[in-house]
Structure formats: C-alpha cells, structure tokens
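Below is one structure, written out as structure tokens, with a few remarks after it.
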Amino acid sequence: MKIVVLVKQVPDTAADKRLDPDTLAVDRGAVDGLINEMDEFAVEEALQLVEKHGGEVTVVSMGPDDATDAYKKALQMGADKAVFLSDPALAGSDALATSEALAKVLGTLEYDLVILGSEASDARTSLVPALLAERLGLPQLTFASKVEVDGSAIRVNRLTDYGHDVVEAALPAVVSVVEKINEPRYPSFKGIMAAKKKPVEALDLAGLGLDAGSVGWAGSRSKVLDATVAPPRAKGTIVTDEGNGGSELVGFLASKKFV
Amino acid sequence: MDAIRRALLPTEEAQALFELTEELGREELAPRAAAAEAAAEFPRDVFRLIGRSGLLGLPYDEEYGGGSQPYAVYLQVVEELARHWLAVGLGVSVHTLSCHALAEYGTDKQRKYWLPDMIGGEQLGAYCLSEPEHGSDAANLTTRAAADGDEYVIDGTKAWITHGGQADFYTVLARTGEPGARGISAFLVDSAAAGLSAAEPEHKMGMRSSTTSQMVFEGVRVPAERQIGELGQGFEIAMRALDCGRLGIAACAVGVAQAALDTATAYAKQREQFGKPIIRHEAVGFLLADMAARTEVGRAAYLAAARLRDLGLPFARQAAIAKLHCTDAAMQTTIDAVQVLGGAGYTTDFPVERYLREAKVLQIVEGTNQIQRRVIAKALERG
C-alpha cells in the first residue's frame, strides 16, 4: 500500500519561543526547528503498516526553505521519499490555507492512506486533518490510537474522553494519530546515511499550479490582531500552620470555588 | 549541538550521528543511569537499542556492517554516551576493543564469517587480557591455549573482565608458546563454549551497572579457525588494541568531566550566598574555570591522537598522553564538582558524588596512569 505521511517542522518546544513583532507569528528563525513530535508517531505507524502489508511511505512537508529537518528525520526513520513544498508566499498560512496547499500536493501523488499527527505543538489547532479530508473528499478517522488495515478497509480506535470508538472506513482515507498509538523508532546510523540518497521532490507554488492569493497571509481567514507576552507566574501562597492551617486551606479552596 | 561541537565533527553525516547519540543519551540513558548504578543492574537492553542504532560498530568497515567512521568521530560518540551514563560509554569502548583483533588481524574469511554479527548491534563483546596475577605485567600471563588436533584447549582465569558473563563473545589472549610476550596468541571465544564461566561479579565503588567479573576457562575447546593473527602475535595485537582502547577511556573521562562541569556550573549559577550566585565568587568561579579548561584540553588531546590514527600514523604516545591527561582531569574535575556543590554534592541527591566514584576507575583501566607515564617516558627516550 502507498502511504503519505504529512510532517511539520516546529520550533523546539523546550526553547523560549517569541512572536515576530511585525507579523505576530512565531519567530521560527529564532529557535531550532525539529519534527513535530506527534508526526513521529504518524511516521512510525506508516512504517509499521508497510512492514506488515508491503508498499512505500512518502513523506510530505511544507515550510520555509530551511525547514528540512522534519522530512529528513522521517526519511532517516525509514520513509522512502519526500516531497517538500516551500515558497515565500506560503508564509503566514493558517490551517485553512495550509490544508489547501497540502491537498494540492496530495493531488499529485498516488496513495491509499494519508497519516498525520493529531496536532502540531506550535499552534495546536488540530484542524488540518479534518480540513484536508474534506478537501480531498475522503473519510477522516481522527485521534487514532490503533490502526488496522484489512484489504481496502481501515479500522481505527478513535480516542475519546470516555475511552475509544471503533471507526471504520474504506480506503483511501485520512487518519490522524495520537501518541498512544506506538513508540516511534530511533533512526539508525545506517538509516541516516541512507536517507541522504533518498529522492526529495522540491515544489513551489508555481510548480504546483497554486495561486499565491489562496495561501499565505493573503489566503488565510484567521488573523492575529494583537498579542501580549504572558505575565510571569505569580508566586504561590504559603500557609504556615499556626493551629488554623486547616481552615486557611479550606478558605483558599472555597475562594477558588473548589469546595 | 553547539557550534564548537559542530566544528569538531567533520561531516554532515557525523553531525547527524552525533545528534542521534545526543537524543539517545537524553531520552534513553540519562533517565535511567542513577537508578541502575544504585541497583548495579546491567542495562543489556540499552546496548541492544544503541546497537540497533548502529553505535556498536562505528569505526569498522561498512563492508562488514560497520559505520566506517574515523576515530575522531567514534570517540566523540563515546564521550557523549559517557556524559549521560559512563557504563554505556565505556561498554561501547570495550565492545569496540573486543572486535579490534578480528577486524585488524583476522583473515578475510574470518572477518566475513564473524565480524558482521559482532558489530551488527545484537551482540556484545568482552576483552580478556588481565589475570589475577598479571595485570599491568600482561606479557607474563599464564592462561594456556594448548593445541590439540584442530582445536586449542584453554585453561586459566582472566580478571577484571568488563561484560564478564554478559558478553556474547570474548577476545582472549592466552599462551601458546614460550614464556614472555612472544608466546601469546589471540582467540575469539563464543560465550556458549563449554567450560567457560563467569565468577560472581565484583562489588565496585562505582560504575556498578557495568558488570565486571573473572572469567574462568576450564578446558574450553576452541576450533583453530578461531585463532586470530599469527601464532605468537597476541601480545602485539593486545597492545595495539589497547592503544585504541585508551582513546576510548580518554573520551569516557571527558564525558564524565563534562557532566560534572555542567552540573556544577548550573548549581553555581543558581545557588546564592552573600547576596550573589556563588559562580560570581572568585573562589568558585575560578574552580569552574579550571574544570572547563581541563575538560576542553582533554577533548583536544584525544582528538589529536585520533587524527593521527585516522591518518594511519603512529599514535601510541599520544594515546597514552590523552588517557593520562583526560582521566586525571576527570578525577580532579569531579572532586571539584563535589566541592562546588558543598554538602549537597556529598549526597546522592546530586550526581556529582557518583561522577567522582566513576572517574576513579578510569585512572586504573586500560593501563594504569602509571603505565601510561611509562609508555610516554619510553617513547621520549626512543625519540
């Protein structure tokens, strides 16, 4: 089976992030970029499915010119090839615009299954999987904690607040995965060396035949109007027990409406 | 990876390898090191994981499944592993050492037959040179390998064997001929060989998660095709391997020193006395400065030796200098790290007391530092 995995390069979650004061978007140049953690689970799931059923894994990524670490990591883990969409006009794309561009890329590829992480650690909207499925006219199976493929059918456990639902669909389909689904492998040194020889197709908007007005700042419907730095966290209250510690604590909890 | 490290790694490939090592160290080694040390638990699964990642055959030929990496890169990987967990960094060095005889002195046929499995990641090796009565004086070892038809029969006891009882294969130096250095030969012994057993592991002051034990050979029959190199060439093979092993220990020492320096620096920036962080008190700041200087000089020393080796030039003297400097530097740096942390440093709540105990062993293994000085002095005399 042919699987496409979508991966995004995000700022290191451990680093201090800041917004670019002009665009109010995350300043991606200021911190190290790496593969969105949840996308590693998507790559792992694709690799496991291909190990079981045969086929190939194509990784697709979109981002600034230097945002190559994410798809490289996927190739190092074992994906067969990559498609990298990069164009200055893509900067500022919101989830809607991103899904438009990615749907267009997917239109150039053959696939039975599209897998991606449930959310990216930078914006955390969890919108792209559903938007993409809608644009492609494919069934969406989101928040998957288990994936099984049987012939032309796919069944997933869809994580919910109360447990999971079992959701089935016919292939091709779009699946978003959660961290519970597997344990992503580390690349091996051989995988790292082999990755450098794997084919990477570079695309821009012109090559894709996509109008610059439909993506980027121009094509995005969500706008950030204002942003302020979060105030430093206030110090906690320390209650010294002088015989009245219990009532002090209850008073505190009551003031927060916990009791 | 900081800019200095990037500059020390010659290729993009080596940088990617180092990043992988960093990730493995941070995610898989660091969280487990303290508990495994306290419990003296050998982390066989960690070696399997890093083996599958390709870290157990880095300096050996790609043709046999190795990584074809120069020593200057391989050693930085060892350093990075040791920074997170000495037992693992040192284990990689010992494993690499145990593959050395076959890789460098084996015939093509022997190499093709055994080397891919040995360096492929699933197996772990051990190196049997020392004996209870012959440590530094290895040329007079007494373990015998007696020819019997197309086999050798090995009898004797080997001591201080890292991975003793855990390893899948043992590179063994045993006497096949006359007394002295010329009567020794090298053998590759399978751990399943009948008559081979491990004694109870030693109870050590540090590096407790790395198993060290005596290996007892009682009539162990080894097919002649497992004899490596020429008959009587064993001592030369052992010494050449030790030159490489010394570089591994030097890299381990720099890793431990770096870990101690990092812990002490972070503490000194945060701990305040007399109204300011203690790093701003000259007495502490200078202590840290000396620790940093010793550690970085150590790294430069092992890399200088490694570059000679990578160019195919003699490097024994530089290896001895690197081993001597780096391990003495690690000892002093870990002692100083405990001092910087004060009372806290003497407790097991912080890792620096462990680093101190770990550094000590590095002044002893792969040739005591007194032996290193002897090697250097002899080289100076020869000119």
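Some observations on this one:
- Pairs from the list A:Lys72/A:Lys190; A:Lys2/A:Lys146; A:Lys52/A:Lys146; A:Lys235/B:Lys269; A:Lys196/B:Lys109; A:Lys17/A:Lys73 with a Cα-Cα gap above 24 Å: A:Lys196/B:Lys109.
- Charge sum, other residues only, whose C-beta stays under 10 Å from A:Gly216's C-beta, Lys/Arg counted +1 and Asp/Glu -1: -2
- Ranking of B:Lys204, A:Lys223, A:Lys104 by solvent-accessible surface, largest first: A:Lys223, A:Lys104, B:Lys204 (1.4 Å probe, protein heavy atoms only, all chains present).
- Helical contribution to [θ] at 222 nm, DSSP H n ≥ 4, -39,500 (n - 2.57), averaged over chain A, rounded to 500: -8000 deg cm²/dmol
- Share of carbon and sulfur in the accessible area of the protein assembly as shown stands at 51%, probe radius 1.4 Å.
- For the stretch A:94-167, applying the loop criterion from DSSP together with a ceiling of 15 other beta carbons within 10 Å to the chymotrypsin sites (Phe, Trp or Tyr not before Pro) yields A:Tyr162.
- Formal net charge of residues neighbouring B:Pro132 (Cβ-Cβ distance under 13 Å; K, R +1; D, E -1): -3
- Of all DSSP-defined beta bridges confined to the stretch A:1-66, some 40% are antiparallel rather than parallel.
- Per residue accessible area of the protein assembly as shown, 1.4 Å probe, in Å²: 47 Å²
- For the stretch B:20-46, residues shielded by at least 50 square angstrom of accessible area compared with the chain on its own, probe 1.4 Å: B:Leu20, B:Glu23
- Calculated P(r) tail over 20 Å for the stretch B:236-382, as whole % of Cα pairs: 49 percent
- Helix A:37-53 axis, angle to chain A major axis (alpha carbon atoms, nearest 10°): 40 degrees
- For chain B, the fraction of C-alpha pairs farther apart than 27 angstrom is 47 percent.
- GNM flexibility winner over chain A from A:Gln140, A:Gln48, A:Gln76 (Cα, springs under 10 Å): A:Gln48
- The antiparallel fraction among DSSP beta bridges confined to chain A stands at about 40%.
- Listed residues B:Ala329, B:Ala33, B:Ala186, most fluctuating in chain B (Gaussian network, C-alpha, under 10 Å): B:Ala33
- Projecting the Cα positions of B:Pro43, B:His84, B:Gln69 onto the charge dipole of the stretch B:3-119 (unit charges on Cβ atoms of Lys, Arg, Asp and Glu, taken about the Cα centre) puts B:Pro43 furthest along the positive direction.
- Test item: Cα-centred dipole of the stretch B:108-182, Lys/Arg +1 and Asp/Glu -1 on Cβ, debye: 200 debye
- Pairwise burial A:B, computed as accessible area of each alone minus the pair, summed, 1.4 Å, Å²: 1200 Å²
- Cut-off 11 Å between beta-carbons: net charge of the residues surrounding B:Leu29, Lys and Arg +1, Asp and Glu -1: -2
- For GluC sites (Glu not before Pro), the sites in the stretch A:38-123 that DSSP calls loop and that have at most 14 other Cβ atoms within 10 Å are A:Glu110.
- When all protein chains stay in place and ligands, DNA and RNA are ignored, the 1.4 Å accessible-area order of A:Thr228, A:Thr108, largest first, is A:Thr228, A:Thr108.
- Within the protein assembly as shown, percent of DSSP bridges classed antiparallel, to nearest 5: 60 percent
- Rounded to the nearest 500, the 222 nm mean residue ellipticity of chain B from helices alone is -17500 deg cm²/dmol, with -39,500 (n - 2.57) taken per DSSP H run of at least 4 residues.
- Working note: Cα atoms of the stretch A:2-219, range along each principal axis, descending, whole Å: 49, 38, 36.
- Residues in the stretch A:170-190 occluded by at least 20 Å² - accessible area, probe radius 1.4 Å, against chain by itself: A:Tyr186, A:Pro187, A:Ser188, A:Phe189, A:Lys190
- Positive-end residue of A:Ala67, B:Ser209, B:Ala139, charge dipole of the protein assembly as shown with Cβ unit charges: B:Ala139
- Charge dipole (the protein assembly as shown, unit charges on Cβ, about Cα centre) - positive-most of B:Gly121, A:Val83, A:Leu106: B:Gly121
- With θ taken as phi - 60° and the Karplus curve 6.51 cos²θ - 1.76 cosθ + 1.60 applied, the whole-hertz 3J(HN,Hα) list for the stretch B:34-42 is 4, 5, 5, 5, 5, 8, 6, 9, 6 Hz, x standing for glycine and proline.
- Proportion of all alpha-carbon pairs of the stretch B:264-306 beyond 14 Å (%): 54 percent
- Residues whose amide H falls under 5 Å from that of A:Val60, counting only those 5 or more places apart or on a different chain, are A:Val5, A:Leu6, A:Val7, A:Val83, with hydrogens built in the peptide plane.
- Helix B:352-362 and the longest principal axis of the C-alpha atoms of chain B enclose an angle of approximately 30°.
- Chain B: angle of helix B:12-24 to the longest principal axis, Cα-based, in degrees nearest 10: 80 degrees
- DSSP-assigned coil residues among chymotrypsin sites (Phe, Trp or Tyr not before Pro) in the stretch B:258-336, each with at most 12 further Cβ atoms within 10 Å: B:Phe274
The values are calculated or read from the model by the stated rules, or taken from the named source; none is laboratory data. What you see is a predicted model, and the numbers here were worked out from it, not measured in a lab. For neighbour counting, all protein chains shown are included, and Cβ atoms are generated from backbone atoms with ideal geometry for every residue, glycine included. In case anyone asks, the SASA skips ligands and DNA or RNA and just uses the protein heavy atoms, side chains included. Shrake-Rupley method; radii C 1.70, N 1.55, O 1.52, S 1.80 Å.
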